[in-house]
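Here's the structure, in structure tokens; my notes come after.
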Amino acid sequence: MQCKKCGKELDFPDTVLKQLYKCPFCDSPMFAEGTYTDPRDGRTYKTVKIGCQTWLAENLCYKCDGAYTSEGAFIYNSKEEEMQDNENHEKYGLYYTWNAAIKCAPDGWHLPKVGEWKKLGNFLEYNEQSKAGTSLKSIQMSGTDDFGFRALPAGMGHAGIDHFTLVDVGYLAYFWTASEDWSGCSADAVMLTHVDEELIISQSNLKHCAYSVRLVKD
């Protein structure tokens, strides 16, 4: 295994490599990157193992009922330069209502619960001694992207009867969780902003809102 920052070869037994969270030579974060190909549509995603969790390192882009693309959407309160590309969904993925998000994972993956996001955040803050939001955000979001999670400011969507609206593209990232409130009428989400360092748990989100989806491996 080779350190991605200093390029030095880490010639240690596998049992030791699994416990290495920082390079012993340059003290940079260690993470294992890979890929996953969704057998349903043949799309290949980057993956990243952070601690004991393996996450998609890109937003899900699987088309299903309740999934929306940015193409043809009404755009408000967003950075204009972020919406000039008609193939923007290739970069930001699709936007899912909660009912679609909870069902969209392929075999072997699932929509993470709030506790799994907190586990990720706790690992980052313990090992990096920095705020989880900063470590997860891409450079585009004023983050450090220490572990290759590549969070992008895809914004959020609202699905109307005959149109789809996007807001906050270029500013915020919203991700659905599998955690619902006690009534089952709303669900929790995770939010990252281009200015805050925190990993924000957003409660009581209406399920018809359309957010990005990151999956975690079973």
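Just a few scattered comments:
- Placing +1 on each Lys and Arg Cβ and -1 on each Asp and Glu Cβ, with no other charges, gives the range 175-218 a dipole about its Cα centre of roughly 220 debye.
- Shown is the FRET efficiency for E197 and T44, computed with R0 = 35 Å from the Cβ-Cβ distance and rounded to the nearest 0.05: 0.65.
- Distant-in-sequence amide H partners of F164 (H built 1.01 Å from N, under 5 Å): F74
- Relative contact order of the range 97-201: 24 percent, from C-alpha pairs under 8 Å at least 6 residues apart in sequence.
- Projecting the Cα atoms of N99, S204, A159 onto the charge dipole of the range 85-218 (Cβ charges, centred on the Cα centre) puts N99 farthest toward the positive pole.
Bear in mind these aren't lab numbers, they're just calculated from the coordinates by the rules spelled out. This is a predicted model, so every value here is computed, not measured. We place every Cβ from the backbone using ideal geometry, glycine too, and count neighbours over all the protein chains shown.
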